Amino acid sequence: MKRDFAVLGALVSLLAFAAIAAPTFFSAANLRDILLANLAVLIVAMGMTLVIVLGQIDISIGAQFGVCSVLAGMLAKAGCPAWLLVILLLGAGAALGSLNGLLVAHLRLPSIVVTLAAMAVLRDSLRWATGGKWVQDLPQSFQWFGLSQRGGEWMLSLVTGAILAGCVYGARYLMAGRMIFATGSDAESARLAGIPTVRVVFWVFAFMGALTALAALLNAVRFPEVPGNAGAGLELKAIAAVVVGGTSITGGRGSLGGSVLGVALLAVIGPMLTFLGVNAYWEQAIQGAIILVAATTTMAARKRT
């Protein structure tokens with residue numbers, strides 16, 4: 001809870017600085033663009049919070065996002081109806097996540113190694129399959145799911161809000177959520193208590209993949225074309241948001257609400273740099289520094305308790 005207030009304080013301070021240095025930052029159009037651009041990050045951050053609570057990591061989500069984005073565009077061009085496209089894409093994302101989960105949970109390979117390899121394989125395979133080209137000439141019914149832009153924006157926001165509410169409720173009140181936290185706190189004790197820790201790890205990675213696929217779809221429908229490098233850098237944003245939000249990188253502790261605040265904090269950094277005339281390439285450097293500082297303070301606080 002203290003960490004949540006600290007992140008909220010940092011966010012308010014940053015916004016106060018923007019109000020003085022760049023008042024146009026608060027234009028309705030800019031705030032709407034920031035919200036829409038980060039809905040996908042917020043969805044992915046929900047899954048990443050659960051992964052990190054387990055004491056694991058998944059750095060392949062950016063590549064998974066790219067694969068699912070291109071797949072969504074190709075299915076749409078093939079005339080796939082929206083309801084079937086959603087099902088197929090969620091299945092594809094869950095399958096990609098399940099492969100990571102299988103290797104981490106059942107073969108007990110380090111998640112950093114598994115997901116690093118998955119990231120390289122997926123990115124290179126996608127580059128080979130598309131030749132680096134974008135998916136173009138998408139049907140009009142694909143953009144905003146055939147709704148008006150304003151209607152599509154509301155739909156994306158409501159779906160994201162529903163996912164957030166479901167994840168928060170599940171983590172707090174469902175047995176599955178309690179098993180995730182117990183496994184992340186002490187996997188051996190959780191196993192001795194009767195919790196199927198191997199299955200818990202497997203299904204969390206599968207859930208991470210499904211959320212990534214959904215985020216990719218909701219992001220893809222905003223544009224008339226799908227870039228071949230979609231999702232580049234997404235893993236850094238998601239991990240940074242989760243760690244900044246107070247989730248312990250060693251597992252067992254975490255807050256989905258804190259991750260939401262982390263996403264909000266990081267979401268304003270890039271646009272604010274642009275409004276202040278600072279090179280946008282500094283954004284990832286700042287995100288990396290934030291991860292380091294947040295992880296250091298979390299570990300220091302944990303040692304004191």
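The values are calculated or read from the model by the stated rules, or taken from the named source; none is laboratory data. If you're wondering where the values come from, they're calculated on a predicted model, not measured in any experiment. Cβ sites come from the backbone with ideal geometry, for glycine too, and all protein chains shown count toward neighbours.
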- Here the qualifying pairs (Cβ atoms under 8 Å; residues six or more apart or on different chains; first in the stretch 37-48 and more than 17 Å from PHE223 (Cβ to Cβ); second of a type in the set (Phe, Trp, Tyr) and surrounded by fewer than 24 Cβ atoms within 10 Å (Cβ to Cβ)) come out as GLY47/PHE207
- Task: Confirm whether ALA37 is closer than 26 Å to LEU164 by Cα, at pLDDT below 95, within 15 Å of the chain's Cα centre (by Cα) and small (Gly, Ala, Ser).
- Result: yes
- Which of the residues that make up the stretch 130-153 are exposed (fewer than 12 other Cβ atoms within 10 Å of the Cβ) and in a helix (DSSP H, G or I)? GLN149, ARG150
- Looking across the stretch 238-266 at residues that are among the β-branched types (Val, Ile, Thr) and over 13 Å from the mean Cα position of the chain (by Cα), the single one that is farthest from THR212 (Cα to Cα) is THR250
- Picked from the stretch 249-258 (must be assigned to a loop (DSSP other than H, G, I, E, B) and in contact with a Ser or Thr (Cβ under 6 Å, 6 or more places away or on another chain)), the residue surrounded by the fewest Cβ atoms within 10 Å (Cβ to Cβ) is GLY252
- Message: I'm told ALA193 meets every condition in (1) at pLDDT 95 or above; (2) exposed (fewer than 15 other Cβ atoms within 10 Å of the Cβ) except one. Can you identify the failing condition by its number?
- Response: (1)
- Message: With the structure loaded, tell me whether GLY79 is surrounded by 13 or more Cβ atoms within 10 Å (Cβ to Cβ) and among the small types (Gly, Ala, Ser) or whether it fails that test.
- Response: no
- In the stretch 222-248, anything buried (at least 24 other Cβ atoms within 10 Å of the Cβ) and part of a loop (DSSP other than H, G, I, E, B) is listed as ALA230, GLY231, GLY245, GLY246, THR247
- When residues of the stretch 49-87 are filtered for being in a loop (DSSP other than H, G, I, E, B) and without any contact (Cβ under 8 Å) to a residue 12 or more places away in the chain, how many remain? 3
- Among the candidates ARG108, ARG172, single out the residue that is assigned to a loop (DSSP other than H, G, I, E, B) and over 24 Å from MET74 (Cα atoms). ARG108
- Message: Looking at the stretch 189-232 only, could you name the residues that are more than 29 Å from MET175 (Cα to Cα), more than 19 Å from the chain's Cα centre (by Cα) and of a type in the set (Gly, Ala, Ser)?
- Response: none
- Message: Any residue that is touching a residue at least 12 places away in the same chain (Cβ under 8 Å), within 18 Å of ASP58 (Cα to Cα) and not acidic (Asp, Glu) - is there at least one of those in the stretch 261-269?
- Response: yes
- When (1) under 30 Å from GLN143 (Cβ atoms); (2) crowded, with 22+ Cβ neighbours inside 10 Å are applied to LEU261, the one that fails is (1)
- Which condition does GLY184 not pass, out of (1) under 18 Å from the mean Cα position of the chain (by Cα); (2) under 24 Å from LEU109 (Cα atoms), if it passes all the others? (1)
